[in-house]
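The values are calculated or read from the model by the stated rules, or taken from the named source; none is laboratory data. The model shown is predicted, which means the values in this text are computed figures rather than measured ones. Note that we place each Cβ from the backbone using ideal geometry, even for glycine, and neighbour counts take in every protein chain shown.
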Amino acid sequence: MNITKFTYSPPDRDGDISLELDAIIENESDFDVELVMGSVVVVNADGVTIGGNEIDDDNIFIASKDSGEISAMSWARIKKAQVSDGTGAESKAYLSMTTYRREYVKVGSLDVPSKAGEMTTIKKVVSLGGAGELLGISCLRSKDADDGDMELEFFAGVRNTSDEYIARAQISVKAMDQRDAQIEDTIDYEALAAKSGKVFTPSFWGLKYGKMKNGAFVISASVFLPIESYSAEGTPIKED
């Protein structure tokens, strides 16, 4: 990983200095990158933290043996008073990032509960890339609102069966009508410590039964597993 851009802008009238940092990742692995997580810590000339940024990018895709650029810090702001030179030129950034591959599983489809108080289920345990497992999933139509909207709650228990931390486990639900057209979707995701489990609760609050009659909820699950970790540091140059 290399920093390709790290710039600062002169202080504005409020004393704000903008910092921007981009980096390029060389994915030398046999896996595609579909998530990057990490952080930028910015320090002044005394090595004291004055700002930074958290990186959590699931829109990125870097194919195996390819490279990709990521915006690690976009217009982060520090104050003129935080740097002794008053410009930001003396600041320094420590960049850390980890790339992740995605293990994706099609779980199945759930019927739409036909009335309030009814529940539908998928009764199977699904392996998630050998790192975890989904302990079935249920859909409860808890009640209907006065305007006819269904209140739907999904419950999916996921266990991390490995000895490694899972940065993200994800349950996705797509609401499909009887013509197999997608009406809406929802996602719930969490991190999972080693040998731990969590209940994921994606939900819909604005679906009408008439629109979903004879339709289904299509369920998928993903876990993101680490590929490689990187670190770099740099000092900024003045923005053109």
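Taking the condition out of contact with any strand residue (DSSP E or B) (no Cβ under 6 Å at 6 or more places or on another chain), outside the structural domain of Glu90 (by TED's automatic domain parsing) and in contact (Cβ under 8 Å) with a residue 24 or more places away in the chain, does Met176 pass?
Working: out of contact with any strand residue (DSSP E or B) (no Cβ under 6 Å at 6 or more places or on another chain): no; outside the structural domain of Glu90 (by TED's automatic domain parsing): yes; in contact (Cβ under 8 Å) with a residue 24 or more places away in the chain: yes.
So Met176 fails the test.
Applying the set (1) touching a Pro at 6+ places or on another chain (Cβ under 9 Å); (2) touching a residue at least 60 places away in the same chain (Cβ under 8 Å) to Lys208 leaves exactly one unmet item: (1).
Determine whether segment 12-21 contains at least one residue that is surrounded by fewer than 14 Cβ atoms within 10 Å (Cβ to Cβ), part of a strand (DSSP E or B) and out of contact with any Ser or Thr (no Cβ under 9 Å at 6 or more places or on another chain). No, that holds for no residue. The set of residues from segment 71-113 being part of a loop (DSSP other than H, G, I, E, B), in the same structural domain as Ser172 (by TED's automatic domain parsing) and in contact (Cβ under 8 Å) with a residue 40 or more places away in the chain comprises just one member, Val112. Checking the stated criteria, Ile166 turns out not to satisfy the condition of being in contact with a Gly (Cβ under 8 Å, 6 or more places away or on another chain) and more than 24 Å from Thr99 (Cβ to Cβ). Inspection of segment 9-18 identifies no residue that is under 23 Å from the mean Cα position of the chain (by Cα) and small (Gly, Ala, Ser).
Scan Ile24, Ile50 and give me the residue that is part of a strand (DSSP E or B), of a type outside the set (Asp, Glu) and more than 23 Å from the chain's Cα centre (by Cα). If you could, list the steps in order and put the result at the bottom.
Details: Ile24 fails: more than 23 Å from the chain's Cα centre (by Cα).
The unique qualifying residue is Ile50.
Within segment 55-70, track down each residue that is in a strand (DSSP E or B) and either more than 12 Å from Thr99 (Cβ to Cβ) or in contact (Cβ under 8 Å) with a residue 24 or more places away in the chain (or both). Of everything in segment 55-70, those that are in a strand (DSSP E or B) and either more than 12 Å from Thr99 (Cβ to Cβ) or in contact (Cβ under 8 Å) with a residue 24 or more places away in the chain (or both) turn out to be Ile55, Asp56, Ile62, Asp66, Ser67, Gly68, Glu69, Ile70.
Evaluate segment 167-175: report whether one residue or more is assigned to a loop (DSSP other than H, G, I, E, B) and not polar (S, T, N, Q).
Checked segment 167-175: no residue is assigned to a loop (DSSP other than H, G, I, E, B) and not polar (S, T, N, Q).
Please verify whether Ile219 is of a type in the set (Val, Ile, Thr), crowded, with 18+ Cβ neighbours inside 10 Å, in contact (Cβ under 8 Å) with a residue 12 or more places away in the chain and within 30 Å of Leu140 (Cβ to Cβ), treating the condition exactly as stated. So Ile219 fits the description; yes. Within segment 78-124, the set of residues being aliphatic (A, V, I, L, M) and under 24 Å from the mean Cα position of the chain (by Cα) comprises Ala93, Leu95, Met97, Val105, Val107.
The set of residues from segment 179-198 being surrounded by 13 or more Cβ atoms within 10 Å (Cβ to Cβ), in contact (Cβ under 8 Å) with a residue 24 or more places away in the chain and over 17 Å from the mean Cα position of the chain (by Cα) comprises Ile183, Ser196, Gly197. Put simply, of Glu133, Glu118 the only residue that is closer than 20 Å to Lys213 by Cβ and assigned by TED's automatic domain parsing to the domain that holds Tyr189 is Glu118.
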